[in-house]
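Comments concern the structure below.
Every number in this text was worked out from the coordinates using simple rules, so none of it is lab data. Source: prediction; values computed, not measured. Please note: Cβ atoms are built from the backbone with ideal geometry, for glycine as well, and neighbour counts cover all protein chains shown.
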Amino acid sequence: MSRPHILCVAGSDPSGHAGIQLDLRALHSAGASTAAAITLLTAQSAERVFSVLPIEAEFIAEQIRHAADHVDAVKIGAFCDSPIKWWSALKELRAPIVLDPVLASTSGTAFARPDQILPFAEDIALLTPNLNEAKLLCTEPTNANAWADLGFRAVLVKGGHSDENVCTDRLFENGALSGEYTRPRLPGSPRGTGCALSSLLAFELGRGATVDQAAKRAGDRLHDEIRKSSGLRLSFFA
């Protein structure tokens, strides 16, 4: 499949450094066509979130139902309340779901709670927590069986928040460590890397890649974008 159609379900970042604005930029740069449903509005700059306005769950569901008749994959980013009222609309699409568990913004604003994500574990094709989020979602985040016991089929624990000179992402699938992807740590700290990676993973799954293939390809693409970035902004279309 040369041009997958990806649905992004995420919050709006008017600064364009993260959120659905970055999701769509990353996907378009990869060659995807896109649809979108907004879960929350924010007032934020490149450095911090000033306020958040959650979108009503019924309206999120309505957006999803009318956004597209068919999609090849779904990327979910930030949301504030339980997705139970709009999750059935997602399942009707019968597409793999990549969920980036945005529990808080970089500046500390709280979004979803672990207990609002865990009930849907079995429906998620790939979960993409960073190290901090992994510790909040799973009592043993380096134990493949612990993720499987929670119901997750595949979890990519991102290593960007470690103190090491390299970044190692670890993929757990069906109770086993199935992949490790180590890349040099680059200078700078651009915002939105988690948003971009989960979008690129959805792109890869949407065009038929295995989870392992998606993790390698998406990680390599993001690493290249970070290398080309300037300051806080990733380089997609810059």
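Once the Cβ-Cβ distance between E92 and V166 is put in as r, and R0 is 45 Å, what FRET efficiency do you end up with, to the nearest 0.05? That pair, E92 with V166, gives E of 0.65.
Amide H contacts of C80 (H built 1.01 Å from N, in plane; Pro and chain starts excluded): no residue 5 or more places away or on another chain comes under 5 Å.
Across the chain, the convex hull enclosing all Cα atoms gives 107 Å³ per residue. For the stretch 25-119, the set of GluC sites (Glu not before Pro) satisfying both a DSSP loop assignment and a count of at most 14 other C-beta atoms within 10 Å is given as E47, E56, E92. Volume per residue of the convex hull around the Cα atoms, evaluated for the stretch 16-79, comes out as 80 Å³.
Using a simple spin-label model with pseudo-atoms 7 Å out from Cα toward Cβ, K135 and Q213 lie 3.6 nm apart. On full extension, the segment bounded by R3 and D220 gains 76.2 nm, given 0.36 nm per residue less the C-alpha separation.
Remark on the stretch 97-198: Rg and Dmax equal 13.1, 37 Å (Cα only). A helix-only calculation puts the chain at -10000 deg cm²/dmol for mean residue ellipticity at 222 nm, using -39500 (n - 2.57) for each DSSP H run of at least four residues, averaged over all residues.
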